[in-house]
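S.K.: Sharing a structure below in structure tokens format, with a few things to ask.
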Amino acid sequence: MSFHILLLEDDVALARLTKDFLQQQGYVVSLASHSQKAQLLLKQQQIDLLLCDVMLPGQSGFEFVAQIRQSYPGPILFMTAQTQLQHQLTGLGLGAQDYLLKPLDPRLLLAKIQVFLPKATAKPQAERSTEYRQFNLLLDSQCRSVTLAGQTLPLTHAEFMLLQTLLLQFGKIVSRNWLFREQLGREYDGMDRTMDGRVSRLRKKLQAVDAKWNIVTAWGEGYYLSYENSPAV
């Protein structure tokens, strides 16, 4: 089982390039563009190393690390274009292991990571589960498989990613704006129906096996996954 890196970065293009590079080196990489999602992933998954941008919308990387440092014992590497010494001292003072300046050289980034995660395949699989279950729905993020009521659910890559996102935040509204940024790589313009169509197709596949499942549209907000009309929280 590969080590799992969480990349907290709001620059979508940079985040995708970094993720692709690290995955080629044998790491599992999860992306978060804001601190709320990063905090959720830290709670729900075993994260071995946090790569954290400093300049983020809303809560800064410094504020986020100060909030989670007591509960997250793993290594933290800050990334920023800020070159001032005081910024670097602040990051290290929060308990980070290193402070990387943008633009990042991928070779340097890999070398820094390998100080803390020297072998990408060193951890035994038993230490971390890749399965997520709610009621009779089971999703395996490693095998990229979904089983519903004992049946394998055939999903496209886009449908799988959407279901995984909704399942990880079961019962919680995921905003349409956030889904557009994270899964389509663009901002929602108020007219684009791409995500609505994707939600509709996924909903039909779920309900074809078990009608109790639903992806509810919260008008003006987004979507949430429910079972037997469970309310959003």
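S.K.: Within region 11-30, track down each residue that is surrounded by fewer than 18 Cβ atoms within 10 Å (Cβ to Cβ) and among the aliphatic types (A, V, I, L, M).
M.R.: Result: VAL12, ALA13, LEU14, LEU17.
S.K.: Residues in region 128-179 that are open to solvent by 10 Å² or more (accessible area, probe 1.4 Å), on the phi > 0 side of the Ramachandran plot and among the small types (Gly, Ala, Ser): how many?
M.R.: 2
S.K.: Just to be sure before I move on: is ARG16 at pLDDT 85 or above and of a type in the set (D, E, K, R) in the structure I sent? Give the derivation first.
M.R.: On the way: at pLDDT 85 or above: yes; of a type in the set (D, E, K, R): yes.
Yes, satisfied.
S.K.: Hey, can you tell me all the residues within region 138-162 that are without any contact (Cβ under 8 Å) to a residue 60 or more places away in the chain and hydrophobic (A, V, I, L, M, F, W, C)?
M.R.: LEU138, LEU139, CYS143, VAL146, LEU153, LEU155, ALA158, PHE160, MET161, LEU162 - these are the residues of region 138-162 that are without any contact (Cβ under 8 Å) to a residue 60 or more places away in the chain and hydrophobic (A, V, I, L, M, F, W, C).
S.K.: Follow-up question, since we're still on this one. Restricted to region 74-90, and to residues that are modelled with pLDDT under 85 and not aliphatic (A, V, I, L, M), which residue is nearest to LEU109 (Cα to Cα)?
M.R.: It comes out as THR80.
S.K.: Please work out which one of (1) open to solvent by less than 30 Å² (accessible area, probe 1.4 Å); (2) under 17 Å from the mean Cα position of the chain (by Cα); (3) free of Cβ contacts under 8 Å to residues at least 12 places away in the same chain is the condition LEU184 fails and give its number.
M.R.: With respect to (1) open to solvent by less than 30 Å² (accessible area, probe 1.4 Å); (2) under 17 Å from the mean Cα position of the chain (by Cα); (3) free of Cβ contacts under 8 Å to residues at least 12 places away in the same chain, LEU184 is out only on (1).
S.K.: What helices (runs of 4 or more DSSP H) completely inside region 94-201 contain at least 2 residues that are in contact with a Pro (Cβ under 9 Å, 6 or more places away or on another chain), under 29 Å from ALA81 (Cβ atoms) and modelled with pLDDT of 85 or more? Before the answer, list the steps.
M.R.: Numbers: elements: 106-116, 157-168, 176-179.
Of the helices (runs of 4 or more DSSP H) lying wholly inside region 94-201, those with at least 2 residues that are in contact with a Pro (Cβ under 9 Å, 6 or more places away or on another chain), under 29 Å from ALA81 (Cβ atoms) and modelled with pLDDT of 85 or more span 106-116.
The values are calculated or read from the model by the stated rules, or taken from the named source; none is laboratory data. What you see is a predicted model; the values in this text were computed from it and never measured. Cβ atoms come from the backbone with ideal geometry, glycine included; neighbour counts cover every protein chain shown. The protein model used for the area step is the full one, side chains on, heavy atoms only, and it has no ligands, DNA or RNA in it. Shrake-Rupley method; radii C 1.70, N 1.55, O 1.52, S 1.80 Å.
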